[in-house]
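Quick notes on the structure that follows.
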Amino acid sequence: MRKAAALLALSALSGCEDPRIRNLVAEETLSAAKHKGFNYKATLRGALGGDPADVKRLMMFTADAAGALGHGVVLIEVCVGFGDVPSASLAADLSAEERLDLRRTLEAGIAYTRNPAFKNATVASLLPELARRLPPEKIGE
């Protein structure tokens, strides 16, 4: 019992965290989130636990360059795990500009993912209902 308690305390002190988060999130994404005052890890933990509010927060988060690519990798995993119809329902409440950003982020995530199940996929093939709710590449076309 003491050994278990000691290991638990040691992991807390060493900053040990959920390996899904440690292995999924790029440092550039965490840096961009920190710069914006956005607690990315806590939001991702909630999203992975099925919290719709946290999934939506991740849908609305934006970053530049490498931070955006890393976020896209996370977001495609989150949306597929959360489900197509529930993700589409959350996206329906976003503005047209936010949905365009969401499309671009998901496409970047598919392009840069290491998940073999997502290679050569499209947003429409992975999340068809969500894809129908997203605007074309340019609003007004």
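The values are calculated or read from the model by the stated rules, or taken from the named source; none is laboratory data. Quantities reported herein were computed from a predicted structural model and do not represent experimental measurements. FYI the Cβ positions are ideal-geometry reconstructions off the backbone, even for glycines, and counts take in every protein chain you see. Side chains are part of the model used for accessible areas, which takes the heavy atoms of the whole protein and leaves out ligands, DNA and RNA. Shrake-Rupley method; radii C 1.70, N 1.55, O 1.52, S 1.80 Å.
Checking each residue in region 83-100 for being assigned to a helix (DSSP H, G or I), open to solvent by 50 Å² or more (accessible area, probe 1.4 Å) and either over 17 Å from ARG132 (Cβ atoms) or not β-branched (Val, Ile, Thr) (or both) picks out PRO86, SER89, GLU97, GLU98, ARG99. For beta carbons closer than 9 Å, sequence separation of 6+ or different chains, a first residue in region 117-128 that is over 14 Å from GLU77 (Cα atoms) and free of Cβ contacts under 8 Å to residues at least 12 places away in the same chain and a second that is assigned to a helix (DSSP H, G or I) and of a type in the set (Val, Ile, Thr), the qualifying pairs are ASN120/ILE110. Cβ-Cβ contacts under 7 Å between residues 6 or more apart (or on different chains), taken from a first residue in region 51-62 that is farther than 13 Å from ASN39 by Cβ to a second residue that is outside any helix (DSSP H, G or I), are listed as MET59/LEU94; MET60/LEU94. Please work out if SER31 is open to solvent by 50 Å² or more (accessible area, probe 1.4 Å), polar (S, T, N, Q) and out of contact with any helix residue (DSSP H, G or I) (no Cβ under 7 Å at 6 or more places or on another chain). Spelling it out, it is not the case that SER31 is open to solvent by 50 Å² or more (accessible area, probe 1.4 Å), polar (S, T, N, Q) and out of contact with any helix residue (DSSP H, G or I) (no Cβ under 7 Å at 6 or more places or on another chain). In region 47-66, of all residues being at pLDDT below 95 and assigned to a helix (DSSP H, G or I), the one that is surrounded by the most Cβ atoms within 10 Å (Cβ to Cβ) corresponds to LEU48.
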